[in-house]
């Protein structure tokens with residue numbers, strides 16, 4: 001019985017909820033397409049391998065390389081690398097702090113491959129920046145750690161046509177619809193709970209817990225005027241008596 005009551009409440013506000021949800025989703029799509037900035041992503045993959053020249057697979061060296069990736073991830077964000085990139089490539093117009101915020105280092109589980117990712121509103125600059133960081137990083141590792149165990153598996157192509165990864169219009173609209181629906185349902189129940197106006201017999205029964213024995217219907221003024229006028233009386237009806245002044 002309670003479920004049916006809840007459904008009846010929702011039925012009262014269904015058009016309001018759907019209307020607000022439609023307007024909100026359209027506004028979200030418009031903002032995502034027209035006003036939010038486009039963000040592009042460029043990446044470089046690096047393989048951390050052993051300097052050994054043997055053909056066999058050394059498990060201990062693989063474990064060492066996996067641990068080195070964490071160290072390399074920290075070195076990548078230091079001024080030893082990023083300040084040299086900013087100085088060598090002033091055309092990027094990026095400070096080391098800005099590059100550190102744009103840079104993301106990814107590593108798959110138990111993988112010797114490290115991925116450098118740069119996100120920017122300009123794809124060409126993103127590709128050139130991640131390539132520059134990769135090149136400078138390899139040079140600094142050779143100077144600082146005296147090893148050469150990094151191999152570039154692929155560089156970013158600045159000339160490649162790229163599609164923006166952000167904004168995700170579909171996701172934004174979906175989130176907007178879900179949030180609006182939840183808020184609309186919450187508003188419907190809250191408004192129903194706070195509303196103490198009696199509108200019909202059922203409201204009286206719910207409020208007082210008593211059965212309704214009789215009800216006075218609403219009479220419109222035009223119906224009263226029609227009854228009082230001679231043309232509005234039916235055959236057999238006795239005219240109303242009026243008092244003379």
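Key figures
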| quantity | calculated |
| --- | --- |
| Directionally averaged shadow of the range 40-154, computed from the convex hull of its alpha-carbon atoms, nm² | 7.1 |
| Two-site FRET efficiency, residue 142 against residue 104, from Cβ-Cβ distance with R₀ of 30 Å, rounded to 0.05 | 0.80 |
| Linear extension gain, residue 83 paired with residue 124, 0.36 nm per residue minus alpha-carbon span | 12.7 nm |
| More than 21 Å apart - percent of Cα-Cα pairs taken over the range 88-177 | 45 |
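Only the coordinates and a few stated rules stand behind these numbers; no lab work does. If you're wondering where the values come from, they're calculated on a predicted model, not measured in any experiment. Because the Cβ atoms are built from the backbone with ideal geometry, glycine has one as well, and the counts that use them run over all protein chains shown.
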